[in-house]
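Let me begin by presenting the structure, written as structure tokens, before commenting on it.
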Amino acid sequence: MGHSQPWDAIIIGGGIAGLSAAIYLARAKRSTLVIDDGKSLAQWEPDVQNYLGFPKGIAGEELLARGREHASHYGAEFAEEYIEELQRTTANIFHAGGRREPYEARRVLLATGIFHLPPDIPGVAECLGHSMFFCKDCDGVRCEGKRVGIFGWNNEAVEYALGMLLYSPCVFIFSNGHELRWDEQHAQWLREYEIPIYTEKVIGVHHRCGDMQWLELDSEVRVELDALFTARGDIYHNKLARQVGAETKDCEVLVNECMETTERGLYAAGCVTPANCQMIIAAGQGATAAQAINRSLFEESLQTHSLHRYRARQLEHCETEPPVEPATTA
């Protein structure tokens, strides 16, 4: 994709955060390129039930398609590409090295997201988004009154189990043969709230069209359940941020209230930041970042007097003063 001048903004990641930012930047008349390799986790969610304006739910894939169409409508452009490296070449220009071609931009927004690690159970992949979930805030209500298993062996797994008691009386933990890593306070809570724990290794899942029926343990025991949540962990796609020198904490890219990282001109939004990983929050962060980027570009144009070139074309080719008529008296 040829582009003679650096883009005003490159957005790396075409998920909910990236698309929201693209809409705002394109509407602000900024040249905007979304570079996406098609790995947004939103596409794997078959029924998003907590996104504003969709009381009957919407498939994540459909939500992404609508966002892409929305951004394209205002002039945002897209490239199917994987960015391998990101560097600052001058004080105000970033170089993004793709597998097919290079790109340059005045501002960069990282909306690269995360990858949820599914449980290492044979056959569980077919249940993702149907009866296998990663987020109780997103999908806990879908499991009301059901038998709910939690896959994990740390403090987070305990807190997931306790949180799910608001939705179901039948909640239990699978530690999958791992050493229990929760602390004494969390162990006390498990005893206090009488949460069952199955410590044996899980060797398989039985399901019908993605709906779990039971998990099989290596002790030849079957534990019946309707849903499984995992606290196994996440992989944060923060490599590009680290290449430029942006600070991270616990793998999350640190940002300020404007979603700018510790590197000037580099922004981040969505699940790769310390935000709660919710689609609606990602969309809000994308909009916040875009507004900040637009303001930053505007202030820079005043400081560098580059706004003159736009005004010069207007003065040469456009009507720049309204018609003025003498006022009539009754």
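Miscellaneous remarks
- For the range 41-80, the set of residues classified as among the hydrophobic types (A, V, I, L, M, F, W, C) and touching a Pro at 6+ places or on another chain (Cβ under 8 Å) consists of Ala59 only.
- Against the list (1) of a type outside the set (D, E, K, R); (2) under 15 Å from the mean Cα position of the chain (by Cα); (3) part of a helix (DSSP H, G or I), the condition Ser72 fails is (2).
- Out of Glu61, Glu81, one residue alone is of a type in the set (Asp, Glu) and buried (at least 18 other Cβ atoms within 10 Å of the Cβ). It is Glu81.
- Selection within the range 86-101: residues that are in contact with an Asp or Glu (Cβ under 8 Å, 6 or more places away or on another chain) and within 24 Å of Ser306 (Cα to Cα). The member of this set that is surrounded by the fewest Cβ atoms within 10 Å (Cβ to Cβ) is Thr89.
- Residue count for the range 229-276, restricted to those that are of a type in the set (A, V, I, L, M, F, W, C), touching a Phe, Trp or Tyr at 6+ places or on another chain (Cβ under 6 Å) and surrounded by 20 or more Cβ atoms within 10 Å (Cβ to Cβ): 4
- Here Lys146 meets the list (1) within 17 Å of His116 (Cβ to Cβ); (2) among the basic types (Lys, Arg); (3) assigned to a loop (DSSP other than H, G, I, E, B) almost entirely, failing just condition (1).
Values quoted throughout were computed directly from the atomic coordinates according to the rules given, and no laboratory measurement underlies them. Since the structure is predicted, the reported quantities are computational estimates derived from the model, not experimental observations. Glycine gets a Cβ as well: all are built from the backbone with ideal geometry, and neighbour counts include every protein chain shown.
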